Amino acid sequence: MDSFATSSFPIPVSFLVTAIAALLISLFILRWLLLHSRRMRRYPPIANTIFHTLLNLHKFTEYQTNLSIKHKTFRTLTPFGNYVFTVDPANVEYVLKTNFSNYGKGNFNYEVMSDFLGDGIFAVDGEKWRQQRKVASYEFSTKVLRDYSSLTFKNSAIRLTMIISELVSSNQVMDIQDLLMKSGLDSIFKVGFGVELGVLSGLEEGKAFSNAFDEASCQILYRYFDVFWKFKRYLNVGSEANMKKNIQLIDDFVYGVISRKTKQLAKKGQDILEKEDILSRFLQEKVKLSGGIDNKYLRDIILNFMIAGRDTTAGTCRGFSICCVNIQVYRIRLQ
């Protein structure tokens, strides 16, 4: 029988043919299984690419809304992976509740957000996330904080109503979204830090902080679609140079507030100072946390809280205003 000789022993040709045939069959079966498993997993449809998103970044919300109307869950292709977007309640519940532990932020999201959000709850996983979630859940359930928050939002709403009334009386055009965002930031900042920011009132210091806060938030979003953002950050050019300036302004402002609040706490004593705002409560409770927390961690925690509260509050009020306007227009048409 023909064979191939080696330094150790001869290999029959029939054996080689059988081995090659088995390998080819195995590869065919493996390929079929992979394709079949992909079909079974039912990947969401591809709705666009990152380049389509970049072209529509100036109207990102409207663009994503239109895609979500067509597909409740869809994918955006990028050179390094896929982004999955969903508005399907079942998927949202699965990610945020049913199988939450399987959907961490990961290193990629942390790298994108950490310059601005630090080790806050939106950027971290694991023990740091659980610690902040536990403390925040406890603090927000207290009557003192609920009452303080309610009073703060009521006062802010009164100021907003007065400004709108003046603009209407003088027949001036107003940007209701801008006013709501300013009002929301004033309220959230007061609840978070216990001091007046004064954006709605036009205070220069508050206005500078608000602009830096907005621009830094936008840059975080833009990083997800800019493959060169790390390179620009390293060279400190373009949008990343502006990002660095904005973060420095935010940090200086926030650390100044924390320093003044800490001195106030030390001067009045823990039993005298009322724990109404978030910062005061964290300052008094930090000794109970394992390992304690420093000013950097306080800054991260409260900035993340502001991100969570400002946009959702303003967005809800804007949606409610649109509904009210639509109802009024509908009534006029009926008449």
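The values are calculated or read from the model by the stated rules, or taken from the named source; none is laboratory data. Owing to the predicted nature of the structure, the values given are computational and were not obtained by experimental measurement. Using ideal geometry, Cβ is built from the backbone for each residue, glycine included, and neighbour counts are taken over all protein chains shown. Just so you know, the surface numbers come from the protein's heavy atoms only, side chains and all, with ligands and any DNA or RNA stripped out. Shrake-Rupley method; radii C 1.70, N 1.55, O 1.52, S 1.80 Å.
Points worth noting:
- Take GLU166: with every protein chain present and a 1.4 Å probe, its accessible area is about 120 Å².
- Applied to region 198-207, the Karplus parametrisation 6.51 cos²θ - 1.76 cosθ + 1.60 on θ = phi - 60° returns per-residue 3J(HN,Hα) values of x, 5, 5, 7, x, 5, 4, 5, x, 5 Hz, with x for Gly and Pro.
- Put simply, when 256-265, 109-118, 178-187, 61-70 are sorted by average Cβ atoms within 10 angstrom per residue, most first, you get 178-187, 109-118, 256-265, 61-70.
- All aspartates and glutamates inside 17 Å of LYS70 as judged from Cα atoms, apart from same-chain residues fewer than 8 positions distant: GLU62, ASP88
- Karplus-derived 3J(HN,Hα), 6.51/-1.76/1.60, for each residue of region 54-67, Hz, glycine and proline x: 4, 5, 10, 5, 5, 9, 4, 5, 5, 5, 5, 5, 5, 5
- Whole-Hz couplings from phi, Karplus 6.51/-1.76/1.60, listed for region 312-320; x for Gly and Pro: 5, 5, 5, x, 5, 5, 5, x, 5
- In the context of the full set of protein chains, residues of region 154-228 present 51 Å² of accessible surface per residue (probe radius 1.4 Å, heavy atoms only).
- The mean sequence distance of close C-alpha pairs (under 8 Å, at least 6 residues apart), as a share of the length of region 163-235, puts its relative contact order at 16 percent.
- Carbon and sulfur %, accessible surface of region 158-288 computed with the full protein complex present, 1.4 Å: 56 percent
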